[in-house]
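Shown next, in structure tokens, is the structure this report addresses.
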Amino acid sequence: MPDLAHSLQRHDLGHLRMIAERWGVELAAPDADSAILEICQQIKNPELAAEVIHALPDEARAALQQIIAAGGRLPWVQFTRLCGKVREMGSGRRDRLRPDQNSISAAEMLWYRALVARAFFETPRGNEEFAYIPDDLLPLIPAAPPNTNPTPGRAATPSERANPISISDQLLEQACTLLAAQRLGRENIGLPAEIETFLKSLLTSAKILTPDSQPDLERARAHLEASRSAALSQLAQDWLFSATHNDLRLIPHLQAEGNWQNDPLAARQFIMRQLQKLPPQIWWSLSAFIADIKQQNPDFQRPAGDYDSWYLRDVNSNEFLRGFEHWDDVDGALIRYMICGPLHWLGFVDIATPEADAPTLSGSAFRLSSWWPALLAGTPPKGLPPEIETIHLRSDGRVGVPLASPRAIRYQIARFCRWEESTAHEFRYQLTTDSLTLAHSQGLQIGHLLAILQKNAQPVPPNIIRALKRWEAHGSEIRTSEAVILRVRDPEILDKLRQSRAARYLGDPLGPTAIIIKTGAAEKVLGALLEMGYFGEIFSHI
């Protein structure tokens, strides 16, 4: 940063005299250049600096420490938002109002004491304007006393932690369901929308899903065949260190528009650093945690405190959320989403809601889980069940896959079967000709299915083995279809109908008094019968 002499170059003699007065320095210089030399010679005194800084109000001293903590400079917009405005005024108005004596903010107090200056510096994003402490004054500023309460937020109240929701490894089953559904091209697979969106992004970032949303065969197999603890640990690491998985763009009530960019990895790592400050086994208030970050580090995901260039629309109000006034709706919402969403789904934190039926994303309290240390370190957490349950195969082709069955096996079963509604204890499927035909079209072989069933579903009903082998050899041997049937009381009526102009609407006979009517021709046949003097009865039948 520039030194004090360079920082004072832009000021006129009137401004320099105000600075000297704030430091209790007699200034005899007749012009600005001479005044700068006098000020620099007199105020760079450690004892004088300590005295002047000690006399500052608490908020001004805190502002200095914020700049020091940021490396000696802060973006000007961030500095003025945190510490107040520095009024722009000409020399005449300045001399009348005397802002050095009647400062409206901590920033203005520091400005008229030359403890803070203003300049443009080159950054990776281009030239940006900063507030900074001149290099030769920086060593004279006493260090702040250590923070005796470094943890962000406060402990949760009993009402905030009223309904705890413990961690689980359910995300592994949901990932298995999603991978099978993507392979089959299925939609409406029964996952909560926020979970499905999160998993698609995370699995794509981890390259388990390809860019066209299909499972990468090798990576998907490795994920599904890994132990539950190893698979969960790997997903947690994929999320922690992904630069492409973007949590901000997954918040349910926000819609991102335009080509602006944010840094999801930097924001995620900041939140993790804040969580690492918290003692384990204590419930923390989520709203207080968010409020503390807003006060201490509001720009954790905003380059140079920019609150105007990101176009995020609230899907409920249709309002664009630009400006710091929408911090809670965007930045605060990101913290809430990350804790109640990914961090909970992946097993890092338990959460609690104030009401038993409240959505998990509206959690009010959280605590570091028993899996936190292992997941943070990238090691498999303990306590996840082994995948050893066998499959239940019934003689009618129904398949039950318990939750503790191997996920790799369920993934294969799901590709051969029609999906039925699951229960709390098992996933349910049904072998059908349509599901077998779809599996065959994707290159799956009946022999592979038989091998899976014979190894994982003991015993396999003999009729299922015979039916699968016959289907492989001959395809479907029995077909059912919906038909419209005409039934008459006397066979003579059917004979007359066959000789009428309606004969072309008749299908296969089903006996002397019943016949199939071709699709869409029922009313025409009824009209022909009425012309012949008969009322007929037509009904649908399978």
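Each reported figure results from applying straightforward, stated rules to the coordinates on display, with no laboratory input. Note that the structure is predicted; figures quoted are calculated from it, not measured. Don't worry about glycine lacking a Cβ; one is built from the backbone with ideal geometry, like all the others, and counts go over all protein chains shown.
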Applied in sequence order to the range 378-387, the curve 6.51 cos²θ - 1.76 cosθ + 1.60 (Karplus, θ = phi - 60°) yields integer Hz couplings, x standing for Gly and Pro, of x, 10, x, x, 8, x, 7, x, x, 9
Partner lysines whose C-alpha sits under 26 Å from that of Lys200, ignoring same-chain residues fewer than 8 away, are none
Output for the range 258-347: trypsin sites (Lys or Arg not before Pro) sitting in coil per DSSP, at most 10 other Cβ within 10 Å, listed by number, reads Lys277
Placing +1 on each Lys and Arg Cβ and -1 on each Asp and Glu Cβ in the chain, then taking the dipole about the Cα centre, the residue among Ser233, Ile133, Val399 whose Cα reaches farthest towards the positive end is Val399
Which of [x] -0.19, -0.65; [y] -0.40, -0.85; [z] -0.28, -0.67 gives log10 I(q)/I(0) by the Debye sum over Cα atoms at q = 0.05, 0.09 Å⁻¹ as computed here? It is [y]
Once Arg428 and Arg96 are pulled to full extension, the length gained, defined as 0.36 nm per residue separation minus their Cα-Cα distance, is 111.3 nm
Scoring only Lys, Arg, Asp and Glu (+1, +1, -1, -1) among other residues with Cβ under 15 Å from the Cβ of Asp314 yields -2
Filtered hits (lysines, Cα-Cα < 29 Å from Lys469, offset >= 8 within chain) -> Lys455
The chain: longest segment with zero exposed GluC sites (Glu not before Pro), where exposed means DSSP loop plus at most 10 other C-beta atoms within 10 Å, is residues 188-420
Within the under-12-Å Cβ sphere about Gln430, not counting Gln430, Lys/Arg +1 and Asp/Glu -1 give a net charge of 0
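Provide the net charge surrounding Ala502, with neighbours chosen by a C-beta distance below 15 Å and charges set as Lys +1, Arg +1, Asp -1, Glu -1. Display every interim value, and only then the final one.
On the way: positive: Lys496, Arg498, Arg501, Arg504, Lys518, Lys524; negative: Asp495, Glu523, Glu531.
Cβ neighbours under 15 Å give a net charge of +3.
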Once the dipole of the chain is set up from charges on Cβ (+1 Lys and Arg, -1 Asp and Glu), the residue from the list His425, Ala162, Asn318 lying farthest towards its positive end is His425
Residue-normalised 222 nm signal for the chain, counting each DSSP H run of n ≥ 4 as -39,500 (n - 2.57), nearest 500 deg cm²/dmol, is -12000 deg cm²/dmol
Tilt, helix 446-456 to longest principal axis of the chain (alpha-carbon atoms), in degrees rounded to tens, equals 70
Loop-resident trypsin sites (Lys or Arg not before Pro) in the range 186-233 with no more than 15 other Cβ atoms inside 10 Å, DSSP not H/G/I/E/B, are Arg186, Lys207
For Lys524, the lysines lying under 17 Å Cα to Cα, once residues fewer than eight places off in the same chain are dropped, come out as Lys496
Sequence order, the range 354-370: Karplus ³J(HN,Hα) from phi using 6.51 cos²θ - 1.76 cosθ + 1.60, θ = phi - 60°, Hz rounded, Gly and Pro as x, gives x, 10, 5, 9, 6, x, 5, 5, 9, x, 10, 8, 7, 8, 5, 7, 5
Ordered by number, the trypsin sites (Lys or Arg not before Pro) in the range 345-448 that occupy a DSSP loop and have at most 12 other Cβ atoms within 10 Å are Lys382
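Is the shape of the range 163-377 best called rounded, prolate or oblate, per the rule: a/c under 1.5 gives rounded, else a/b larger than b/c gives prolate, else oblate, with a ≥ b ≥ c the square roots of the Cα gyration tensor eigenvalues?
Working: a/c = 1.65, a/b = 1.25, b/c = 1.32.
Judged from the Cα gyration tensor, the range 163-377 comes out oblate (a/c at least 1.5, b/c at or above a/b).
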Rounded to the nearest 10 degrees, the helix 32-43 long axis (Cα) sits at an angle to the longest Cα principal axis of the chain of 90
For the chain, the longest principal axis of the Cα atoms and the Cα long axis of helix 228-240 enclose an angle in degrees, to the nearest 10, of 50
To the nearest 20 debye, the range 4-140 has a Cα-centred charge dipole, built from +1 on Lys and Arg Cβ and -1 on Asp and Glu Cβ, of 500
